[in-house]
Structures are given as structure tokens and as C-alpha cells.
Amino acid sequence: MRILLVEDDLALTEALAAAFTRAEIFCDVAPTVASASDLLTGRTFDAVILDLGLPDDDGLTLLRWLRGRNDATPVIILTAKSQPDARVKGLNLGADDYLGKPFLFEELHARLNAVMRRRDGHLYSVVAVGDLRFDFETRIATVRGVPLNLTPRERATLELMVRRRERLITRRQLEDQLFSITGELGSNAVEVYVHRLRRKLANADAHVSVETQRGLGYTLRPLP
């Protein structure tokens, strides 16, 4: 999963980014509305965590702009507990959830998982494709109950494929999922991770297929 954290509090940003990294969630950071809109224009994110008190503009301006361009990326707004009106405005503008400051990271993480489940159209944290199971809470993948030994980027590749099972995933979407704004990206990096994932699924005799649609991307499907 890749998220955009829009927050100008440096100490909070560093703490959240470190916590998301430990949870194997790739996190890019924008301290202003302007920098966030630039990132959202050029890159795909799974979700946005949006503080409303930003130095250059109200965070609601970014939310209004995002929904105005028909971008349905899930948004969780962060507000001070003394800002109930801002929460209502945010929800009315299309935010998916809100969380009052101060908060525990565990609650933010749980709310993020819940928002992603609603977006993907399933109620439970474990999703099955053939005999492959992916638990989005623990981020553990199993085949017939046996865990797959995956690196963080292999797991992120599989997570995106499971979330969008039986739908095309473009190479660009995988690039956005796997690499940060400043990350080094080799010309065949996506192909390398897909190949490694295919090999591990084959070694586990998983009844799934990662199909290549040449020039377009990949699709994860259960085998008949």
C-alpha cells in the first residue's frame, strides 16, 4: 500500500512515517496543499491522510480539488478535537473518515484498513484468490495455510494484485506502489518483482496465475 501523508508538523510526520514503514506501508509526505496537489497530479496513491491546518491553505481546499477532478482516492482527515465543524465539512466534501488529534497510530492504521476494505468492496480483512489468502491486517500471505516468505516489495506487489484481483494492473500503478518519490527505479524493476513473486507462488503450488498483458500490465486470476 502507498499513502500520501499531508501534514506540516515535522515531529508528527516523522513519527507516522516511521510507524507506517514498520507496517510495510510506503509513505510519501507533503507539508503543504501545493506540494500535495503536485504529487497527486503525477502519482497514484491508495489513500491520503490529510491534516486540515496547513501553512499555505486549508486542507479542505485540497479535498475539494481532489473530488472536483473525480478522484475517488480514500481520504482520512486529521482534525483537532476542537474542530467539530471541520469534520462535518470534510465528510460532506467527500472524506471517507476522520480522526481527532491526539490519536494512537494503531487507531489510524485500523481506520486506514477499514477504509481500504470498503473501497475494495469486501467486509473482511482476509481475501482469497484461488487457494491464496492475503490478510490485510497482518499482511501475511498463505497458500493452503502455509505462509509465503516474501520481501516487503514482493508483499506490496502481491497486495496490490489481490486488492485488484482479476483486474488489469498497469506497470505505472506497480511503480507507484513500490517506489517512493526519491527511490531509485531500474528500467526492469517491476518485471523483476513480478518474476520473483511468480516463482514463489509456483514453488508453493498456488492455484493462481499472474497473467502478463504485453504492453499493458498484469492480472492476478485463480486457476480453474
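No value in this document is a laboratory result; all are computed from the given coordinates. If you're wondering where the values come from, they're calculated on a predicted model, not measured in any experiment. Virtual Cβ from ideal backbone geometry, glycine too; neighbours counted across all protein chains shown.
This model, with +1 at the C-beta of Lys and Arg and -1 at the C-beta of Asp and Glu, gives segment 126-222 a dipole about its Cα centre of some 160 debye.
Farthest toward the positive end of the dipole of the chain, out of Ala19, Val143, Thr32, is the Cα of Val143, where the dipole comes from beta carbon charges about the Cα centre. Across segment 126-222, the volume of the C-alpha convex hull divided among the residues equals 92 Å³ per residue.
Dividing the convex hull volume of the alpha carbon atoms of segment 27-101 by its residue count gives 83 Å³ per residue. Under the convention that each Lys and Arg Cβ holds +1 and each Asp and Glu Cβ holds -1, the size of the dipole of the chain around its Cα centre is about 1000 debye.
If the segment from Arg172 to Ala11 were pulled out straight at 0.36 nm per residue, it would be longer than the present Cα-Cα gap by 54.8 nm.
Shape index of the chain: Rg/Rh, with Rg the Cα radius of gyration and Rh the Kirkwood radius from the inverse mean 1/r over Cα pairs, equals 0.98. Taking Val129, Val146, Val162 in turn, the Gaussian network model of the chain (Cα-Cα springs below 10 Å) assigns the largest fluctuation to Val146. Fewest neighbouring Cβ atoms within 10 Å first, the residues Asp85, Asp56 line up as Asp85, Asp56.
Ordering Thr32, Thr41 from the fewest to the most neighbouring beta carbons within 10 Å gives Thr41, Thr32.
One chain, two ends: Val146 and Glu211. Fully extended at 0.36 nm per residue, the span grows by 21.1 nm beyond their Cα-Cα distance.
The calculated 222 nm mean residue ellipticity attributable to helices in the chain amounts to -13000 deg cm²/dmol, summing -39500 (n - 2.57) over DSSP H runs of n ≥ 4 and dividing by all residues.
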